[in-house]
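> Just dropping this structure here.
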Amino acid sequence: MKKVIVIGGGAAGMQTALRLKEQGIEPLIVEKEADLGGKLRGWHALFPSFTPAEEVLAELRRRIQEQKIEVRTRTEVARVEPRRVMLTTGEELACDAAVVASGFTLFDAALKEEYGYGLYDNVFTSVDIERMLNEGRVARADGSTPRRIALLHCVGSRDEKVCQQHCSRVCCITGVKQAMELKQLFPEADIFNFYMDIRMFGPGYEEMYREAQQKYNVHFVRGRISEAAPTIDGRVQIKAEDTLTGRPLRMSVDMLILLVGMRANDDNATLNGELRRAPSGFMAPRDHFLHRVESNVAGIFYAGTVTAPKNIGETLDEATAAADAVAEYLKN
Ligand SMILES: Cc1cc2nc3c(=O)[nH]c(=O)nc-3n(C[C@H](O)[C@H](O)[C@H](O)COP(=O)(O)OP(=O)(O)OC[C@H]3O[C@@H](n4cnc5c(N)ncnc54)[C@H](O)[C@@H]3O)c2cc1C
């Protein structure tokens, strides 16, 4: 039986392995963390349907177990070649092909010093909010209830200053989703989303954006926050310009939430020097049309966000396509 190593056990890696198994190929998932799931492990309810992330994760894990797919956790890949994969321990694993499903890295909000993440109380990221929602307790640093909340889109996306020119695609809809969840928790709160422009590309996203405005009364302000500063009473003062009215704007909020982007995985540069990367740092597929899940090296394939920001549906579809492309390759 042909053996294929899948690097990364996030949504992409799990779905790739499941499809490979269906195709009569023996997959091995190599995952550096202690558990399967990737970033999905940190999310609460998923856009656009508010399905609990845990539900999707549990189902994928159940299938992996049911299909008796071999998984090596706490194992990190250092280098990939078409017929062997080297681990950081120096161990080598032989295979007939490899699928890189090593995902993305979250943008470090502290790099945008002007927003004070990690310096001031009550400045959070979207990832912190997902964690708090999972813990069942969203609150200010002193435990009190927020009355005014600002969410800032495009933190670490479309920003040349931090060398991240690409759009991360999922942040706009995450901002809408979190605004709705916060309004449900704190019906009295005023919620403001600051954006450059709103990109509602996915099915159901535009509808959610409208619902956020019409049913939840979330305010959308076109403008980028230029800086944030702590106030003496523990709030955060933000300065922005409303670019629709052309007026400068200054307000104090109880919570500032930075919608952090998806950036290329740090490991991409070292996995194999022959693999082409896009200017964004994400892996470049062989082409954008007919070989989207193949790399420029025969026998090495891609699945999921290792090539670009994607939502979970797109990630899973692509993982299926990657496994099918591997099966086709192994036939020849
Ligand atoms: C804040 C935020 C909220 C989101 N919410 C949603 C949502 O509600 N709905 C939705 O559809 N999408 C959402 N997304 C997008 C979603 O997170 C991605 O589509 C999904 O995580 C992509 O899965 P992946 O497997 O490609 O990558 P990842 O989830 O990054 O998984 C990659 C895996 O590879 C492992 N790995 C990396 N390098 C190595 C190595 N060298 N050796 C071994 N293992 C390695 C990692 O440990 C990780 O487990 C959100 C994204 C963000 C940033």
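Here, each number is a calculation from the coordinates, and none is a lab measurement. Being a predicted model, the structure only gives us computed values, none of them experimental. All Cβ positions, even for glycine, are placed from backbone atoms using ideal geometry, and neighbour counts span all protein chains on display.
> Give, to the nearest whole percent, the P(r) tail of the chain beyond 25 angstrom, counting all Cα pairs.
Summing the P(r) tail past 25 Å for the chain gives 53 percent.
> Which pairs, out of 68/331; 21/177; 21/310; 39/112; 239/310, put more than 26 Å between their alpha-carbon atoms?
Check vs 26 Å cut-off fails for 21/177; 239/310.
> Along the charge dipole of the chain, which of 257, 218, 201 sits closest to the positive end, that is, farthest toward it, with unit charges on the beta carbon of Lys, Arg, Asp and Glu (+1, +1, -1, -1)?
Looking along the dipole axis, the top candidate is 201.
> If you don't mind, another one. Efficiency by 1/(1 + (r/R0)^6): what FRET value for residue 227 and residue 188, r their Cβ-Cβ distance, R0 = 30 Å, to the nearest 0.05?
That gives a FRET efficiency of 0.65.
> Among the DSSP beta bridges whose two residues both lie in the chain, what percent are antiparallel, rounded to the nearest 5?
45 percent
> If I model a spin label as a point 7 Å beyond the Cα along the Cα-Cβ vector, how far apart are those points for residue 26 and residue 291 in nm?
Going from the residue 26 label point to the residue 291 one covers 2.9 nm.
> Here's something else I'd like to know. Can you quote the Å³ per residue value for the convex hull of the Cα atoms in segment 180-332, rounded to an integer?
Value for segment 180-332: 169 Å³ per residue.
> Once you mark the GluC sites (Glu not before Pro) that are in a DSSP loop and have at most 15 other Cβ atoms within 10 Å, what is the longest gap between them in the chain?
Maximal segment without exposed cleavage sites: 92-187.
> Let me ask another. D for segment 254-311, whole µm²/s, Stokes-Einstein with Kirkwood Rh over alpha-carbon pairs at 25 °C and 0.890 mPa s: what number?
The Stokes-Einstein estimate is 196 µm²/s.
> Additional query: Shape of segment 48-184 from its Cα gyration tensor (a ≥ b ≥ c, root eigenvalues): rounded if a/c is under 1.5, otherwise prolate when a/b > b/c, or oblate?
Prolate, since a/c reaches 1.5 and a/b exceeds b/c.
> Right, here's the next one. Need one number: nm distance between label points at residue 201 and residue 84, each 7 Å from Cα along Cα→Cβ, rounded to one decimal.
3.9 nm
> Of the residues 154, 163, 171, which exhibits the maximal mean-square fluctuation in a Gaussian network model of the chain defined by a 10 Å Cα contact cut-off?
163
> Given segment 109-262 reduced to its alpha-carbon atoms as identical point scatterers, what log10 I(q)/I(0) does the Debye formula return at q = 0.09, 0.16, 0.17, 0.18 Å⁻¹?
Per q value, in the given order, log10 I(q)/I(0) is -0.25, -0.86, -0.98, -1.12.
> For the chain, modelled as a Gaussian network with Cα springs under 10 Å, which listed residue fluctuates most, 104, 289, 186?
Checking each option, the largest mean-square fluctuation is seen for 289.
> Just the number: Rg to Rh for segment 127-174, Cα atoms, Kirkwood Rh, two decimals.
1.08
> Sticking with this structure for a sec: Take residue 331 and residue 110, extend 7 Å from each Cα along the Cα→Cβ direction, and tell me the distance between the two endpoints in nm.
With each label placed 7 Å out from Cα toward Cβ, I get 5.1 nm.
> Would you look at the GNM of the chain, springs on alpha carbons closer than 10 Å, and say which of 223, 156, 24 moves the most?
Greatest mean-square fluctuation among the candidates belongs to 24.
> Report, in debye and to the nearest 20, how large the dipole of segment 218-329 comes out about its Cα centre when Lys and Arg carry +1 and Asp and Glu carry -1 on their Cβ.
600 debye
> Please state the shape class of segment 47-89: rounded when a/c is under 1.5, otherwise prolate if a/b exceeds b/c and oblate if not, all from the C-alpha gyration tensor.
Prolate, because a/c is 1.5 or more and a/b exceeds b/c.
> Starting from the Cα coordinates of segment 1-124, work out the convex hull volume and express it per residue in Å³.
141 Å³
> Related question: Loop only per DSSP, at most 15 neighbouring Cβ atoms within 10 Å: give me the trypsin sites (Lys or Arg not before Pro) in segment 127-189, ordered by residue number.
Filter output for segment 127-189: 137, 147.
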